[in-house]
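Here the structure comes first, spelled out in structure tokens, and everything after it is commentary.
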Amino acid sequence: MINNKYMINNKYILKNKIGEGSFGSIYKAENYRTRELVAIKIEPIKTELKLLKNESKIYQYLLGTPGIPQVKWYGKDENNYYMVIPLLGKSLEQTLVEKQVFSLRLVLQIGIQLLQLLKAIHEKGLVHRDIKPDNFLIGIDSKQLFLIDFGLCKAYIQDDKHIDMKRTSNLIGSLTYASINAHHYMELSRRDDLESLAYMLIYFSLGFLPWRESKECDIVTQKIDIMFHVNIPNILIDFISYVRKLEFKEKPKYELFINKFTSEIEARYN
């Protein structure tokens, strides 16, 4: 049992649990030497998943990428694996629940930043495969958005070549934000991260997604039909239309929609 006085790596004192998932738990903690607040992800060794070890390697590989937290320490004891990252602020999901809906200006500003972040990750040969509002956290001292939870992340470049299309054994990612390809149990690539981002931006704009409480068999139809929702801004319809037309190995034109989103903001608000 972990309590508030439990110390990790002889310097991190656990405070309280702030999250939980299939891998284990996330705790707020404090470096008792520097008083710096951090988040510690904990995975029991007995699960034999070793997701945290793989995730820490991805963070290290992406070190220096804006919007990727820095791993401060990774290690284990006789019971658990631990990964320490800086403590970040609220997720975009938590923020939307409080605000209920975002202005189009804010939605597009978020879209610009996340397109830049996904472009950087993709250029490193990785796809995240679990893009959703819970996985984007706001920096405590800045408006920088940080992407977390690389447990499903995968290299799409192997032996200097793009991986081939194949079928998967199950749906990868979040049911709510998964691409249509994911629902069809197809291998995911860059286009699928962007389709999940499109659903996120629509969610922020509407304040809801029509399929959120639907059965899985109905979700794909509703995702296809979202193109015809009258309350979705045209710029977001253009974006989702574009990403759905991308081929499996095709490189997305990130800058195209970074520029389109920027122009839309300038046209409406300047």
Practice problem: With an 8 Å cut-off on Cα pairs and a minimum separation of 6 or more residues, tell me the relative contact order of the chain in percent. | Solution: 14 percent
Practice problem: Please find, in a Gaussian network model of the chain (springs between Cα atoms separated by less than 10 Å), the residue of N31, N181, N79 whose mean-square fluctuation is greatest. | Solution: N79
Practice problem: Please name whichever of G173, L145, V127 sits farthest to the positive end of the charge dipole of segment 112-232, dipole taken about the Cα centre and charges placed at Cβ: Lys and Arg +1, Asp and Glu -1. | Solution: V127
Quiz item: Using the Karplus equation 6.51 cos²θ - 1.76 cosθ + 1.60 (θ = phi - 60°), what ³J(HN,Hα) coupling, rounded to whole Hz, does each residue of segment 146-151 give in order, writing x for Gly and Pro?
Solution: 10, 9, 10, 6, 9, x
Self-check item: FRET efficiency, 1/(1 + (r/R0)^6) with R0 41 Å, evaluated for I237 and E78 via beta carbons
Solution: 0.15
Practice problem: Grab every C-alpha pair in segment 21-159, bin the distances at 5 angstrom width from 0 up to the longest one, and report whole percents. | Solution: 2, 9, 18, 22, 20, 15, 9, 4, 1, 0
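Using the Cα centre of segment 7-86 as the reference point, and only Cβ charges (+1 on K/R, -1 on D/E), how large is the resulting charge dipole? Debye, rounded to the nearest 20.
It comes to approximately 180 debye.
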Quiz item: Taking +1 at the Cβ of each Lys and Arg and -1 at the Cβ of each Asp and Glu, which of N16, N80, I45 sits farthest along the dipole of segment 7-86 towards its positive end, judged by Cα position relative to the Cα centre?
Solution: N16
Self-check item: Cβ crowding within 10 Å averaged over residues, with 43-56, 99-112 ranked highest first
Solution: 99-112, 43-56
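Rounded, prolate or oblate: which fits segment 170-264 when a ≥ b ≥ c are the square roots of the eigenvalues of the alpha-carbon gyration tensor, with rounded for a/c under 1.5 and prolate only if a/b beats b/c?
Numbers: a/c = 2.12, a/b = 1.15, b/c = 1.85.
Taking the square roots of the gyration eigenvalues as a ≥ b ≥ c, segment 170-264 is oblate.
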Exercise. For L49 paired with D225, estimate the spin-label separation in nm (one decimal), with each label point 7 Å from Cα along the Cα-to-Cβ line.
Key: 3.5 nm
Quiz item: Where does the chain land at 222 nm, in deg cm²/dmol rounded to the nearest 500, when only DSSP H runs of n ≥ 4 count, each adding -39500 (n - 2.57), divided by all residues?
Solution: -11000 deg cm²/dmol
Quiz item: If each of H162 and D218 carries a label point 7 Å out from its Cα toward its Cβ, how far apart are those two points in nm?
Solution: 3.6 nm
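For the ranges 85-94, 122-131, what's the packing order if you count other beta-carbon atoms within 10 Å of each residue, average per peptide, and put the highest first?
Values: 85-94: 17.6, 122-131: 20.4.
By packing density, highest mean first, the sequence is 122-131, 85-94.
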Practice problem: Starting from the Cα-Cα distance between K57 and R33, subtract it from 0.36 nm times their residue separation and give me the gain in nm to one decimal. | Solution: 6.0 nm
Self-check item: K245-N16 FRET efficiency (beta carbon distance; Förster radius 45 Å; 0.05 resolution)
Solution: 0.45
Quiz item: Given charges of +1 on the Cβ of Lys and Arg and -1 on the Cβ of Asp and Glu, with all other atoms neutral, how large is the dipole of segment 92-269 about its Cα centre, in debye to the nearest 20?
Solution: 260 debye
Quiz item: Taking a threshold of 22 Å on the Cα-Cα distance, which of the pairs K53/K154; K57/K245; K17/K76; K90/K251; K15/K90 fall above it?
Solution: K57/K245; K90/K251
Quiz item: Q144 versus K99, label points 7 Å from Cα toward the beta carbon: distance in nm?
Solution: 2.0 nm
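No lab work stands behind these numbers, since they all come straight from the coordinates. None of the values given here were measured: they were computed from a predicted structure. Cβ: placed from backbone, ideal geometry, glycine included. Neighbour counts: every protein chain shown.
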